[in-house]
Amino acid sequence: MVLDLVPLWTALLALAVFYYVVFDGFDLGVGMLHGMVADERDRNIVMNSIAPIWDGNETWLVFGGLGLLAAFPLAFTIIFPAVYFPTLIMLLALVFRGVAFEFRFRHPAVRRFWERGFSTGSAIATFAQGLVIGTFIHGFKVDGRNFAGTSLDWVTPFALFTGVALMFGYALLGAGWLVLKTEGPLQDWARRAGRVCLVGVVIAIVVVSIWTPLESAEIWRRWFSWPNIALLSPVPILTAATIIAEWFAFRSRYELTPFLGAIALFLLSFIGIAISLWPMIVPFHYTLWQAASSNSTQAFLLIGTLFLLPIILMYTAWSYWVFRGKVRGDIGYH
Amino acid sequence: MAIDPVLLSRIQWAWVIAWHILLPAFTVGLASYIAVLEGLYFFTGREVFFRLSGFWTRIFAVSFGMGVVSGIIMPFQFGTNWSRFTDAAADIISPMMAYEGLMAFFLESSFLGVLLFGRRLVPTWAHFFAALMVAFGTLLSSFWILATNSWMQTPQGYQVVNGRFEPVDWFAIVFSPSFPYRLVHNVTGFYITTAFVVMGVGAWLLRRGRAIEDSRMMIRMALNLLIIIVPLQIFFGDQHGLNTREYQPAKLAAIEGRYDTAAPAPLTLFGIPDDSAATMRYAVDVPDLGSLVLTHSWTGEVKGLKEWPPDQRPPVALPFFAFRIMVGIGVIMLLVAVVGQILQVRGRLWNTVWFLRACQFVAPLGFVAVVCGWITTEVGRQPWTVYGLMRTADSVSPSLTVADVSMSLALYVIVYLIMYPTGVVFMASLARRGPAEVQDPHVTGIESGRPSRPFEDAARAGFDS
């Protein structure tokens, strides 16, 4: 009797992807907001708030990618050719953003160029990730074990919409992070920016929630057939409650709540997408089980992952602990 | 050769990996060098090791940062451009790649932070331990990625089910026949590359009369290592060659530029290969020497490419010339190591200006040798991605068009041509400042306790102060 490892790998991968979306999400969001801060001293504080942790967050993208490849290779080999250009744009934007972050210290004369590179790179990378998510939900043309569409199939109104939607979403996370890490006028600014982003996020959630069931009869049945409509009703109700709480959190004195509220909204959206697509990993062609690698492959990697992942999480938690508290201008980089 | 998505994807792969490999070629050796310096400082307490470690750690951090961002690109290439190969081989190669991420990235990024910024926050032994862990991480990274590559070169431990490779024996998969040779040959090559850079930087500083104790120590340490590992590398290379003869004879034939099987076989020093006519033009041969080198016998048989049908032969020109450049560089390196050692024994090393100048010129040769070695082994295994089992032409993503890959290739070229020169100029400017000026680790407290900002910390020490 061979133990079915697919549920465990699904959980691990969902954890990795959610971790990546929240954590690199907020620092990409901070990167976008950085471009809108007028004062140079404030911009430094904004940068410093993510300086120690952003690249650690990005390594989860590698883990997510390689985890998908190892556990569900068929999904990896169909999805990435389909999002050839969004992936390319995302990777190059992340590379550019990464070196911009470091090279901006090189010389005052080119500083502004690299700073702009940082916020532009953050925005482009986010938009590209939104394209990937939109294309994923939308589904792929598949022939056998190959993607059968063209490299421009991702150009759909839906994917372009989710691209913009994710920019608001990450910026919301970023604003929540800035409320937590800054004080005074900059924090007030972040609270206002957060409410603007929240309006964008609400529009995005409403539109996507109406758009997806209309596009797919399968998703419609999943949500609106009886008794599903009753069983799943907590998801939209909780989402509405969280949105209202988030609005007031940005207006209140609370400093951690806006960030936690943003994470909660992402978690609910994540659950919503999972409910719509389950058990598909290549919508709407292959299930998790059909796309899984051999049991031997999953077992071989699982042993090391279960051992190493807790250590990595412990280290990460420790590094956030080390850099806790407010960022101030006087302990900046120079 | 027609311009098709396969060719363009191969060029794109070659472009991103050739640039990427330059960084591990440097950081693997440098991480171990820093660990040695930290160990020497821990056990002897001599300031010179402290200064050298700080100096090289800063340069290490910059190259490591570039290695990370250029490395993130690599796994996604498997999905975007090589989806059919990935579909067929993922069950075998993907856990090895994932283990590289889990084991190596974790160790390196956690302990690099302590190494970079933790000098005053942790005791000396912990700092030494961090250096050891970073070095260990780079070696683990080499281990897993070369295990992956070696399985593609000499596959075993698998079974084919419905056209896909499935694992049968993980030990056989990880330790495929070419793996031990490839790992040792690569890592030794990385160490040699780093040692020549260290020696070149030391010579540059010494000729300007700067940081004399430090630069002499750099040159001495590099020379003492090189006199041992350059001859060893020649031995390892020879052993790797014997292994290639056994498992990838067509690759060996391409390296030798041999179209006709011969026993005894001559050694072709130079020639212009003509694949379509299957003949070596203007060949300069040394009789019987080929048999001696390749089979360790005067009369051993060396197979020629005509033993294989034309569609199973690798192109000859690239492996043939790249191999000769690599071996030529090896000879130059041996010469430099021996001459330097003689000068050192006679006590004339520090005032032999021509030798110090020569050290500067040979400093980048290791990188050339590494890339040439990579070209030799990768072009030599064509036309296969999984040797003898899966063709490169059958590996590419079927949906890609010429326009798609032309566009992505152009963008990779542009971004790398901005990123690499900037990074190299940055590292060179750090090296020029020398250890004396950047000796004191610039600790500003916990805010700097992460590996995230190597450039920034380096810049702060280098430019703003």
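Since every read-out is calculated from the coordinates, none of them should be taken as a lab result. This one's a predicted model, so the numbers in the text were calculated from it and none came from an experiment. Virtual Cβ from ideal backbone geometry, glycine too; neighbours counted across all protein chains shown.
Tell me the angle of helix B:402-437 to the major Cα principal axis of chain B, expressed in degrees between 0 and 90 and rounded to the nearest ten.
30
Can you list the lysines whose alpha carbon is less than 22 Å from that of B:LYS303, not counting same-chain residues fewer than 8 positions off?
List returned: B:LYS251.
Roughly what percent of Cα-Cα pairs across the range A:6-326 reach past 31 Å?
On the way: 16693 of 51360 pairs.
Pairs farther apart than 31 Å: 33 percent.
Between the range A:255-334 and the range A:116-181, what's the alpha-carbon centroid distance in Å?
17
Can you sort A:TRP189, B:TRP298 by how many other beta carbons sit within 10 Å, fewest first?
So the ranking, lowest neighbour count to highest, is B:TRP298, A:TRP189.
Could you work out how far apart the two model spin labels at A:ALA230 and A:ARG328 are, taking each label as a point 7 Å from the Cα in the direction of the beta carbon, and quote it in nm?
Output for this residue pair reads 5.8 nm.
How would you rank B:200-210, A:22-32, B:30-40, highest first, on the average number of other Cβ atoms within 10 Å across their residues? Before the final figure, lay out each step's value.
Values: B:200-210: 19.8, A:22-32: 26.5, B:30-40: 23.2.
The most tightly packed comes first, giving A:22-32, B:30-40, B:200-210.
Counting each DSSP H run of 4 or more residues in chain B as -39500 (n - 2.57), what helix-only mean residue ellipticity at 222 nm follows after dividing by all residues, to the nearest 500 deg cm²/dmol? Walk me through the numbers before you get to the answer.
Working: 15 runs with 315 residues, N = 465.
It comes out at -23500 deg cm²/dmol, rounded to the nearest 500.
So if a site counts as exposed when it's one of the trypsin sites (Lys or Arg not before Pro), its DSSP state isn't H, G, I, E or B, and it has at most 16 other Cβ atoms within 10 Å, what's the longest stretch of chain A without one? Before the final figure, lay out each step's value.
On the way: sites that count: A:LYS141, A:ARG253, A:ARG324, A:LYS326, A:ARG328.
Longest stretch, sites excluded: A:1-140.
Sort A:PHE307, B:PHE143 so the one with the fewest other Cβ atoms within 10 Å of its own Cβ comes first.
Details: A:PHE307 10, B:PHE143 19.
Ascending Cβ contact count within 10 Å gives the list A:PHE307, B:PHE143.
Helix B:124-153 sits at what angle to the longest principal axis of chain B, using alpha carbons and giving 0 to 90 degrees rounded to 10?
The answer is roughly 10 degrees.
In which sequence would A:TRP54, A:TRP247 go, from the one with the fewest C-beta neighbours within 10 Å to the one with the most?
Ascending number of Cβ neighbours within 10 Å: A:TRP247, A:TRP54.
Counting only Cα, what are the radius of gyration and maximum Cα-Cα distance Dmax of chain B, in Å?
For chain B, the Cα-based Rg and Dmax read 23.3, 69 Å.
Could you give the length gained on full extension between B:GLN159 and B:ARG210, defined as 0.36 nm per residue of separation minus the Cα-Cα distance, in nm? Each step should come with its number before you reach the end.
Values: separation 51, 0.36 × 51 = 18.36 nm, distance 6.09 nm.
Taking B:GLN159 through B:ARG210 to full extension adds about 12.3 nm, to one decimal.
Select from A:VAL62, A:VAL202, A:VAL17 the residue whose mean-square fluctuation is largest in a Gaussian network model of chain A (Cα-Cα springs shorter than 10 Å).
Of the options given, A:VAL62 has the highest mean-square fluctuation.
In degrees, nearest 10, range 0 to 90: what is the angle between the Cα axis of helix A:184-215 and the longest Cα principal axis of chain A?
Roughly 20 degrees between the two axes.
Which value in Å does the Kirkwood hydrodynamic radius of the protein assembly as shown take, with 1/r averaged over all unlike C-alpha pairs and then inverted? Intermediate values should be presented prior to the final figure.
Values: mean 1/r = 0.0355 Å⁻¹.
For the protein assembly as shown, the Kirkwood estimate is 28.2 Å.
Along its principal axes, what span do the Cα atoms of the range A:260-334 show, with the longest given first and each in whole Å?
That works out to 55, 31, 21 Å along the principal axes.
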